[in-house]
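Have a look at the structure below before the remarks.
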Amino acid sequence: MQSHTQATQADLGSRLSWSLLALRLTIFIVMFVWTLDKFVNPAHGAKVLDAFYGIGGVPETALYIVGALQMVLVLAFVAGLAKRWTYGLVFILHGLSTLSSFPQYIDAFNNLLFFAAWPMWGACFALYLLRDADTRFTLGK
């Protein structure tokens, strides 16, 4: 018969694995849509690169290449493959996106949706730190 402490530890492990899966899936949804945007509306991707990163005149072909690389990354991420690398890269890329939007935070009340990037960046960080415990529905270790 299991002791109360063992049952509680098992329950905690189960809740943790479901929580990490929820973080991975919801982060994936955002990153996947951002990736699809490069294919569906490359002009928007070019405007984002110019407005937020100061990189103008990016050809459509380059956006497709970046989109293809990003798609490989987000699919490996959602599958739980090479977690140190995929979770780490998602954390870094989302961090760059969050920080590049700094001017929008100054005019906070006209740019409230930009603030949603901060808790997502925190979720990316938590998932990276807890990557070894994220085992539910993963293909990696």
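Data table
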read-out: Single match in Gly67, Gly122, Gly88 (criterion: closer than 30 Å to Gly140 by Cβ, out of contact with any Ser or Thr (no Cβ under 7 Å at 6 or more places or on another chain), assigned to a helix (DSSP H, G or I) and without any contact (Cβ under 8 Å) to a residue 40 or more places away in the chain); value: Gly122
read-out: Unmet requirement for Ile55, which otherwise passes all of (1) more than 30 Å from Arg136 (Cα to Cα); (2) in a helix (DSSP H, G or I); value: (2)
read-out: Members of segment 102-114 that are closer than 18 Å to Trp34 by Cα, touching a helix residue (DSSP H, G or I) at 6+ places or on another chain (Cβ under 7 Å) and surrounded by fewer than 16 Cβ atoms within 10 Å (Cβ to Cβ); value: none
read-out: Failed criterion for Leu81 (all others in (1) within 15 Å of the chain's Cα centre (by Cα); (2) touching a residue at least 60 places away in the same chain (Cβ under 8 Å); (3) assigned to a loop (DSSP other than H, G, I, E, B) hold); value: (2)
read-out: Tabulated pairs, segment 20-37, first among the charged types (D, E, K, R), second surrounded by fewer than 19 Cβ atoms within 10 Å (Cβ to Cβ) and part of a helix (DSSP H, G or I), C-beta under 7 angstrom, 6+ apart or interchain; value: Asp37/His44
read-out: Residues (buried (at least 16 other Cβ atoms within 10 Å of the Cβ) and within 10 Å of Phe39 (Cβ to Cβ)) located in segment 55-69; value: Leu63, Gly67
read-out: Set Gly67, Gly13, Gly57: member being under 15 Å from Arg131 (Cα atoms) and of a type outside the set (A, V, I, L, M, F, W, C); value: Gly13
read-out: Residue selected from segment 121-141 under the condition farther than 11 Å from Leu16 by Cα and of a type in the set (Gly, Ala, Ser), by the criterion modelled with the lowest pLDDT; value: Gly140
read-out: Set Leu25, Leu16: member being touching a helix residue (DSSP H, G or I) at 6+ places or on another chain (Cβ under 8 Å), surrounded by fewer than 17 Cβ atoms within 10 Å (Cβ to Cβ) and either closer than 16 Å to Phe91 by Cα or of a type in the set (D, E, K, R) (or both); value: Leu25
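The values are calculated or read from the model by the stated rules, or taken from the named source; none is laboratory data. Computed from a predicted structure; not experimentally measured. Here Cβ is always computed from backbone atoms with ideal geometry, including for glycine, and neighbour counts include all displayed protein chains.
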